[in-house]
Amino acid sequence: MCRRFRRFGMGLAVGAVALAGALVMVGVGQAALLIGTSGNDVLIGKDDDRNDVEAIQPPGTMADQSLSRTDVLLGLEGDDLLIGLLGNDVLDGGSDDDVLVGGTEQATAPNQDPQFGGDGNDVSVWAGGDGSELFVGGNGTDALVFAVIDRDMTTNVPTVSMIEGPYGQRGIVTSNLTGAPGFCQIDPAPAGSGYEWLVRFVVRMTGAIAVTVRTQSVEQVFCSSREGNGAVWADLTSYDGGDLRPITVERIGQVNPLVGAMVR
């Protein structure tokens, strides 16, 4: 059955997010580790574990003591939205239906983000300029989406929208899937790697592979078509190679309602 979501726009840069009874700070301060609640949370990396922060890098210390903007985001329970921003961020959605966004880093290294969905129907959204990543979906029907995420051009923070989900309001990101500047190819992961598939994003103009996302326990992939201005997808439970199959945006909402609420 297709769940219906109502969308509400909400620009977000700094301050606090009040969501389903949870208040999650996303502003200034030192907190490379952000832990959610049992409700529907929005967690956004602070990017403040850096060597120009005195609390991290004591004066006169030569060796880099920082995590180079790396954040660890733990969603725990609830339908959470986790956004890492810069650094090699680690995202763990926990239980329920989570949305995971490693970037957007806009090609600023380091930008390789390990992501874990946990139980539930989770979605990882990769945006152009992010690095090679890994996505372990866990139990449920999990999806990997390659798209251009809507963001504040000044702060580079993805635009957060509120939708009405099965358990109250929750946060998502919105994105341009059909207008992404490349397409996907899917290769089997090397034997013994622990992964099932290597999902690669190929730049349409050059034909060069930009990044590779390693997947395990991920059932769906959605991407722009090879020609552009269209969408394709793969059901990884039955995929046996070759091109991805054409799909309309409307049909995406039927196949995966959460993805359908986020893409155009």
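Extension gain for the segment A189 to T61, taken as residue separation times 0.36 nm less the Cα-Cα distance, is 41.9 nm to one decimal. Entry note, the chain: relative contact order of 14 percent, from Cα contacts under 8 Å with a spacing of 6+ residues. In region 93-177, the DSSP beta bridges split such that about 45 percent are antiparallel, to the nearest 5. Inter-label distance, A208 to N139: 4.4 nm, where each label sits 7 Å from its Cα along the C-beta direction.
Here, region 186-264 yields an orientationally averaged convex hull projection of 5.7 nm² when only Cα atoms define the hull.
In whole angstrom, region 33-167 maps to an equivalent ellipsoid with semi-axes of 26, 16, 14, each derived as √(5λ) from the alpha carbon gyration tensor and ordered largest first.
Shown in residue order for region 76-92 are the 3J(HN,Hα) couplings computed by the Karplus curve 6.51 cos²θ - 1.76 cosθ + 1.60 at θ = phi - 60°: 6, 7, x, 8, 9, 10, 10, 10, x, 6, 6, x, 7, 7, 10, 10, 10 Hz (x for Gly and Pro).
Labels on offer are [x] 1, 6, 12, 16, 16, 15, 13, 10, 7, 4, 1, 0; [y] 1, 6, 14, 18, 20, 17, 11, 7, 3, 1, 1, 0, 0; [z] 1, 5, 11, 15, 18, 19, 15, 9, 4, 2, 1, 0, 0, and the one holding P(r) over Cα pairs in 5 Å bins from 0, in percent computed from this structure is [y]. Using θ = phi - 60° in the Karplus curve 6.51 cos²θ - 1.76 cosθ + 1.60, the 3J(HN,Hα) couplings for region 174-189 round to 10, 7, 9, 7, 5, x, 5, x, x, 9, 10, 10, 10, 10, x, 6 Hz; x is entered for Gly and Pro. Coordinate range of the alpha-carbon atoms in region 108-247 per principal axis, descending: 39, 36, 33 Å. The order of the peptides 203-211, 161-169, 115-123 by mean Cβ neighbours within 10 Å, most packed first, is 115-123, 161-169, 203-211. Legend: calculated FRET efficiency, R226 to T154, from the Cβ-Cβ distance at R0 = 35 Å, rounded to 0.05, equals 0.55. Normalising by the residue count of region 130-264, find the relative contact order in percent from Cα pairs under 8 Å and 6+ residues apart. Relative contact order, region 130-264: 26 percent. What the chain shows is 43 Å² of accessible area per residue, with the surface traced by a 1.4 Å probe over protein heavy atoms. Contact order for region 222-264, expressed relative to its length and based on alpha carbon pairs under 8 Å spaced 6+ residues apart, stands at 27 percent. Taking other residues whose beta carbon is less than 11 angstrom from the beta carbon of I209, and scoring Lys, Arg as +1 and Asp, Glu as -1, yields 0. Annotation: amide H of V157 within the under-5 Å range of D152, sequence separation 5 or more or interchain, hydrogens built in the peptide plane.
The values are calculated or read from the model by the stated rules, or taken from the named source; none is laboratory data. Bear in mind the structure is a predicted one, so any value in this text is a computation, not a measurement. Cβ sites come from the backbone with ideal geometry, for glycine too, and all protein chains shown count toward neighbours. Note: accessible area is taken over every heavy atom of the protein model, side chains too, but ligands, DNA and RNA are not part of it. Shrake-Rupley method; radii C 1.70, N 1.55, O 1.52, S 1.80 Å.
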